[in-house]
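To start, the structure under review is shown below, and the notes come after it.
What follows draws every value from the coordinates through simple rules; no lab data is involved. Small disclaimer: the values here were computed from a predicted structure and weren't measured. For neighbour counting, all protein chains shown are included, and Cβ atoms are generated from backbone atoms with ideal geometry for every residue, glycine included.
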Amino acid sequence: MGIKGLMKLLADNAPNGMKEQKFESYFGRKIAIDASMSIYQFLIVVGRSGTEMLTNEAGETTSHLVGMFSRTIRLLEAGIKPVYVFDGKPPDLKKQELAKRYSRREDATDDLAKATESGNKEDIEKFSKRTVKVTSQHNDDCKKLLRLMGVPAVEAPSEAEAQCAALCKAEKVYAVASEDMDSLTFGAPKFLRHLMDPSSKKIPVMEFDISKVLEGLELSMDQFIDLCILCGCDYCDSIRGIGPQTALKLVRQHGSMESILENINKERYQIPDDWPYEEARRLFKEPLVVTDDEQTELKWAAPDEEGLVNFLVKENGFNIDRVTKAIEKIKTAKNKSSQGRLESFFKPVSTSAPVKRKGTKCVLVSPSPVTKFKTLSLRSRPGVLGRLIFPSLELGSNYSVPLSRHFCFGI
DNA sequence: ACTCTGGGTCTAGACGTT
DNA sequence: TGACCCAGAGT
DNA sequence: AACGTCC
């Protein structure tokens, strides 16, 4: 998935379109997340050793539930309101790519069999991860878990990333969190990378702003899509000999794919036969997504405590103490953040810049750097107060700020 | 010198205890 | 799967 | 930081 070399291209050519942010600065934000991608990661890594995974009594895998449960709680505790978006039917153009993945999994399955035969532990470890596939069972399990947790899930008619971007465009969420750069190609106004990386280790959250990215590249959105197709996407081959640099140069020089195709040296650059760039372009520009309010209404409800105990403890062998504690965490987090963002809490703590607000929209052309916070103990530690404490709360049970982009942070 | 390619590598969650 | 490094080749 | 556990 993704666009080949786009990350580096943007870092080099549109650095102003991206900025480092603190995990904590997303308090009160609604964030769209590709569920299948998350599940895939969990299956690869959670509780795996060799081919062994976490399972319930029936022997069914529960790694995805463990992963999704703890991650979602972590997000809620940080005041983030996650929306998980599930994949629908992939577009036909993606069939080729999917076939490639399938055959790679087949190869890995063979390799795994060999490794098992010879008892090579490292190889078993390595190859078993490559055989991981997200099934509809996994998806259904997670949808059920989310419903019980009171966290919304959206069913994408096709690509989840496209649906995430659509939610963001419609201002139903503040941003899309993904590791997959084609979120930007789908036009997500704001895109977060490394949101889930534990702040423990290095990498900060990287926030991309598509309008600034385009500004930096000096391209229109349509041109950006053509650039991505040239770099290499899931929907069609790229042209041999054209990488990110050349792609950017060509798009800037000629302005559109049609013009590029008319003007480049066809001897040097072999255009594949039946190259469906127009359809690829359409899939990025007008992907199949749901937009009506009925299906995309996002509600964060109270957890179904009994349901969670039944599902996780009774059916899937979770430790009951862990589950009850987790439920308390959800409820606490919900109370703390139910008022939405308290902007006063997030404004820079120090000097200058009086925060402008009021007025229906305050367009933050340069989103005033949210630098310092009054407190930041989001990680609960063992003996010490494992609670979030927000001093500013005292000034305002009736100071409630509707959670949305109306107030600030518009584009 | 710059760029693309292909081959190889390594890695991928979250939490608590020590 | 991606991200990174490297060697090699083409421009 | 390294390690073991989660189910």
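Observations
- Looking at the range A:274-309, the GluC sites (Glu not before Pro) that sit in a DSSP loop and have at most 11 other Cβ atoms within 10 Å of their own Cβ are A:Glu297.
- Set against the 2.2 N^0.38 Å expectation for a compact globular protein, the range A:73-126 has a Cα radius of gyration ratio of 1.85.
- Loop-resident trypsin sites (Lys or Arg not before Pro) (DSSP state other than H, G, I, E or B) in the range A:124-229 with no more than 16 further Cβ atoms inside 10 Å of their Cβ: A:Lys133, A:Lys201, A:Lys202.
- Here the extension length gained between A:Asp222 and A:Thr135 equals 27.9 nm, from 0.36 nm per residue of separation less the Cα-Cα distance.
- Annotation: extensible slack from A:Ile203 through A:Lys331 equals 43.1 nm (criterion: 0.36 nm per residue apart, minus Cα-Cα distance).
- Share of pairwise Cα separations in the range A:208-301, more than 20 Å, in percent: 43
- Scaled radius of gyration (Cα, divided by 2.2 N^0.38 Å) that the range A:14-157 gives: 1.22
- Rg/Rh for the range A:6-343 (Cα atoms only, Rh after Kirkwood) is 1.00.
- Relative contact order of the range A:6-343: 25 percent, from C-alpha pairs under 8 Å at least 6 residues apart in sequence.
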